[in-house]
Amino acid sequence: MVTAFLAAHPDEAFTATKISRHLEHSSGATANSLTALVKKGIARQVSENPRRYQYVPSQSDTPADTNN
């Protein structure tokens, strides 16, 4: 759920609280999910205070380079 939310807004960064309110889950559980997503390289922490997270598109999510 957290991954899907971040992927739906790839150009924005969110706090765990903001995501948890949207998903209607606890902010603690959301923060734990975000920490796991950062470790897996699916998300990145873009600021320390407040901690904000952003989706990291996979190689298959990014358009191919068509400049030859």
Gain in length, A4 to A36, computed as 0.36 nm per residue apart minus the alpha-carbon separation, to one decimal in nm?
10.1 nm
Return one number: the angle in degrees, 0 to 90 and rounded to the nearest 10, between the long axis of the Cα atoms of helix 27-40 and the longest principal axis of the Cα atoms of the chain.
30 degrees
Just one of (1) 18, 35, 19, 15, 10, 4, 0; (2) 21, 53, 17, 7, 2; (3) 25, 56, 17, 1 is P(r) over Cα pairs in 10 Å bins from 0, in percent calculated from these coordinates, so which is it?
(2)
Enter the accessible area per residue of the chain (Å², integer; probe 1.4 Å; all protein chains in place).
72 Å²
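The values are calculated or read from the model by the stated rules, or taken from the named source; none is laboratory data. No experiment lies behind these values; they were computed from the predicted model shown. The area values use the complete protein model at the heavy-atom level, side chains included, leaving out ligands, DNA and RNA. Shrake-Rupley method; radii C 1.70, N 1.55, O 1.52, S 1.80 Å.
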